[in-house]
Amino acid sequence: MPARSMAWSIALACLAALPAAAAPPSAAELLGAAGYSPAEIARVESGELVEKALPSGSERELVAAFAFLVASTPDALLSEVRTGLVDRVDPNTVAFAMIPGPPTLADFAKLTLAPDPPKQVRAYLAARPGGDLNLSSEEIAAFTALGADAQVPAVEQAVRGALLARLEAYQAKGLAGIAPYALAGGEQRSPADELRSATRAGTLLAKYAPAAQRMLLDYPGSRAPGSLETFRWTRYLAHGEPTVSLTHGLFVPDGDAWVVVQRQFYVSTGYNSEQAVGALMPVEKGTVVFYVNRTSTDQVLGFGGSAKRSIGSKLLASQLQALYEKVRKAVPKAGG
């Protein structure tokens, strides 16, 4: 399971349905729909970070959900998030880069196999289906073709090329462009299927932000009105293991509120994919953020899977809460 979530994600996902309404819900209404009691809502609005348990949507899914208050406007908070705030405050981040236009290899120039290049070179050159690295059959063949004596620069360039190809395929075809991970015995794991399932689980997303949900399912064929998007790669340590991810950020306005999505459509090791969908709701003291994170991992399969998911979800929530406490402190206060 991941040691940290990359995503800034804040959410309307997997909640009990509300009656349809012409206007977006207030923060209190949204939290109430998520199962928060009036006392818990008051705790959120007073500045506490309050967790809420939500069920997993599949046998591989970990879920973390909580709400908190940021003393800043939704627009100001959004500006920070769009420029990589979460990666900047996370001590596990090794390097990251936003990709502002059509991607090229130059966008990945800062990506290296640090902090242990020789170990990472050996891992890529020895990659196999079902191994520790999430790679397609074609990617495994490409690394094997480098030869056992390939040096760090050649392997780093091959990693950059593989990431560029994945990003281009996703931008061109969306979920249909995500190459599956090769597993042992000729089996495959599809990040696209995991992300599609996570998106369809968002009942309130469908109710209050259907354009955002359609964009997530149909991207790039559907565009939510007024939406903004970002792409980035991130190199970080997950349980001490060097990991690289590709993330699509989607930001959809809804009156004075924002729906925010962070979708990790490629993760090199440790877990399969991640999607967090959320809401930034303006209140008198700033912005209430309601956050739901859904992470797909094979590490909760097998005997005792239900218990593993429960424990894993609690661990994920704890890690995310620590990260987002740092986010709150890093965001400029409204009027400050």
*asked:* Which count do you get for residues in region 58-72 that are crowded, with 19+ Cβ neighbours inside 10 Å and either β-branched (Val, Ile, Thr) or under 28 Å from residue 193 (Cβ atoms) (or both)?
replied: 8
*Within region 76-88, how many residues turn out to be under 13 Å from residue 258 (Cα atoms) and in contact (Cβ under 8 Å) with a residue 24 or more places away in the chain?*
5
*Residue check: is residue 228 among the aliphatic types (A, V, I, L, M) and surrounded by fewer than 16 Cβ atoms within 10 Å (Cβ to Cβ)?*
yes
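Might you check whether a residue that is among the small types (Gly, Ala, Ser), at pLDDT 95 or above and either in a strand (DSSP E or B) or at positive phi (or both) occurs anywhere in region 75-84?
Let us first name the residues in region 75-84 that are among the small types (Gly, Ala, Ser), namely 76, 79, 84.
This time we only want the ones that are at pLDDT 95 or above, so: none.
There is no residue in region 75-84 that is among the small types (Gly, Ala, Ser), at pLDDT 95 or above and either in a strand (DSSP E or B) or at positive phi (or both).
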*Select from region 15-36 the residues that are farther than 22 Å from residue 56 by Cβ and crowded, with 17+ Cβ neighbours inside 10 Å and write down the one among them that is modelled with the lowest pLDDT.*
24
*Has region 204-214 got any residue that is modelled with pLDDT of 95 or more, in a helix (DSSP H, G or I), closer than 26 Å to residue 293 by Cα and out of contact with any helix residue (DSSP H, G or I) (no Cβ under 8 Å at 6 or more places or on another chain)?*
no
*Looking only at region 104-155, count how many residues are among the acidic types (Asp, Glu) and assigned to a helix (DSSP H, G or I).*
3
*Looking only at region 30-43, which residues are on the phi < 0 side of the Ramachandran plot and under 25 Å from the mean Cα position of the chain (by Cα)?*
30, 31, 32, 33, 34, 36
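The values are calculated or read from the model by the stated rules, or taken from the named source; none is laboratory data. Remember, predicted model here, so these are calculated numbers, not experimental data. Methodologically, a virtual Cβ is constructed for each residue, glycine included, from the backbone with ideal geometry; neighbour enumeration extends over all protein chains shown.
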